[in-house]
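**Q** If you scroll down you'll find the structure; I have some questions about it.
The values are calculated or read from the model by the stated rules, or taken from the named source; none is laboratory data. Here the structure is a predicted model, which means the values were calculated and not measured. Glycine gets a Cβ as well: all are built from the backbone with ideal geometry, and neighbour counts include every protein chain shown.
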Amino acid sequence: MECNHHPVNEHQCSIHSPTLCIDNVPILDVLSLSEKQEVMNASIGKKYKKGEIIFSLGHPSANLWIVHKGSVKISRFSSSGKEQIIRILEQGDFTGELSLFSHTILNSTAEALEPTEICLIQGKIINDLMMKSPQIAIKFLEKYTERIEMAEDMLEQLTLYDVEQRIIKILLKMLHDQKDHHTEDNTLILPISKKDLAIMIGTSQETLSRKLSFFQEQGWIEMIGQRQITILDQASLQQFI
């Protein structure tokens with residue numbers, strides 16, 4: 001994303017960039033070039049280092065955050081400080097869509113999992129576009145419905161499935177999502193650390209490592225390093241759940 005740099009880590013995005021952040025967002029692919037210009041002219045690009053907080057619980061929400069490069073962890077915390085990871089955002093994903101429909105306070109925290117570039121778009125700009133093109137509003141509602149379904153699925157897994165089943169389900173889902181990005185083999189590159197993966201499925205990192213070792217002993221998977229898992233026997237894994 002070639003942008004005109006102003007302060008450190010913050011810049012106004014240029015419509016003349018070879019790749020615009022909104023080009024990576026399917027929901028906005030119906031925009032005309034002039035509408036894209038309008039959006040990008042009102043957008044701010046921000047860069048974050050690994051571990052930096054992008055936004056936190058309790059802040060007013062009036063913007064749409066689009067991941068241009070990198071990945072972001074969206075989490076909520078209990079009063080005791082226990083973390084629950086809600087979802088992982090990768091290139092083309094966005095958050096903050098609730099602010100497009102109502103004035104709201106952020107109920108989660110976003111953290112960069114690696115060096116990350118974010119396009120920050122004022123919610124008012126998107127709102128104006130939705131008034132002109134109801135199709136965009138419908139797409140945002142469809143995406144929000146999808147996220148509600150994901151949250152319900154997560155709740156179901158945490159309450160109805162044991163830890164082995166939760167591990168298998170999330171590994172197979174991640175593999176499926178990875179194949180959606182044109183990767184055909186059965187080797188999964190974990191988008192998050194094993195510590196964060198354990199938090200996401202509601203278990204400890206030690207339990208996760210022990211269960212993965214068991215799956216490897218059964219010949220169902222092969223672990224390579226900290227982030228790579230090859231699914232060797234998907235049928236056996238699916239039977240387990």
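**Q** Say we look at the range 214-227 and pick out the residues that are within 24 Å of Met154 (Cα to Cα) and at pLDDT 95 or above; which of these is surrounded by the fewest Cβ atoms within 10 Å (Cβ to Cβ)?
**A** Here the residue is Phe214.
**Q** State yes or no: is Leu120 surrounded by 18 or more Cβ atoms within 10 Å (Cβ to Cβ) and of a type outside the set (D, E, K, R)?
**A** Answer is yes for this residue.
**Q** While we're looking at this one, here's another question. Quick check: anything in the range 126-146 in the same structural domain as Ser75 (by the TED database), out of contact with any strand residue (DSSP E or B) (no Cβ under 9 Å at 6 or more places or on another chain), within 23 Å of Glu111 (Cβ to Cβ) and modelled with pLDDT under 90?
**A** yes
**Q** Take the range 26-57 and flag every residue that is under 23 Å from Ala112 (Cα atoms) and of a type in the set (Ser, Thr, Tyr).
**A** Passing the criteria: Ser43, Tyr48, Ser56.
**Q** Does the range 84-103 include one or more residues that are at pLDDT 85 or above and over 18 Å from Lys143 (Cα atoms)?
**A** Yes, the range 84-103 contains at least one residue that is at pLDDT 85 or above and over 18 Å from Lys143 (Cα atoms).
**Q** Hey, another quick one. Only one residue in Leu237, Leu175, Leu197 is surrounded by 14 or more Cβ atoms within 10 Å (Cβ to Cβ) and within 20 Å of Ser75 (Cα to Cα). Which one?
**A** The match here is Leu197.
**Q** Among the numbered criteria (1) among the hydroxyl-bearing types (Ser, Thr, Tyr); (2) surrounded by 13 or more Cβ atoms within 10 Å (Cβ to Cβ); (3) within 16 Å of Thr95 (Cα to Cα), which single criterion is violated by Tyr161?
**A** Evaluating Tyr161 over (1) among the hydroxyl-bearing types (Ser, Thr, Tyr); (2) surrounded by 13 or more Cβ atoms within 10 Å (Cβ to Cβ); (3) within 16 Å of Thr95 (Cα to Cα) leaves (3) as the failure.
**Q** Exactly one condition in (1) surrounded by 17 or more Cβ atoms within 10 Å (Cβ to Cβ); (2) in contact with a Gly (Cβ under 7 Å, 6 or more places away or on another chain); (3) not polar (S, T, N, Q) is false for Lys169; which is it?
**A** Only one criterion in (1) surrounded by 17 or more Cβ atoms within 10 Å (Cβ to Cβ); (2) in contact with a Gly (Cβ under 7 Å, 6 or more places away or on another chain); (3) not polar (S, T, N, Q) is unmet by Lys169, namely (2).
**Q** Out of (1) within 25 Å of Ala151 (Cα to Cα); (2) modelled with pLDDT of 80 or more, the odd one out for Lys49 is which?
**A** Condition (1) is where Lys49 drops out.
**Q** Something else now. Among strands (runs of 3 or more DSSP E) lying entirely in the range 16-90, which contain 1 or more residues that are over 19 Å from the mean Cα position of the chain (by Cα) and farther than 29 Å from Leu171 by Cβ?
**A** Those strands (runs of 3 or more DSSP E) span 43-48.
**Q** Something else: Can you report the number of residues in the range 135-189 which are within 17 Å of the chain's Cα centre (by Cα) and charged (D, E, K, R)?
**A** Within the range 135-189, residues that are within 17 Å of the chain's Cα centre (by Cα) and charged (D, E, K, R) number 11.
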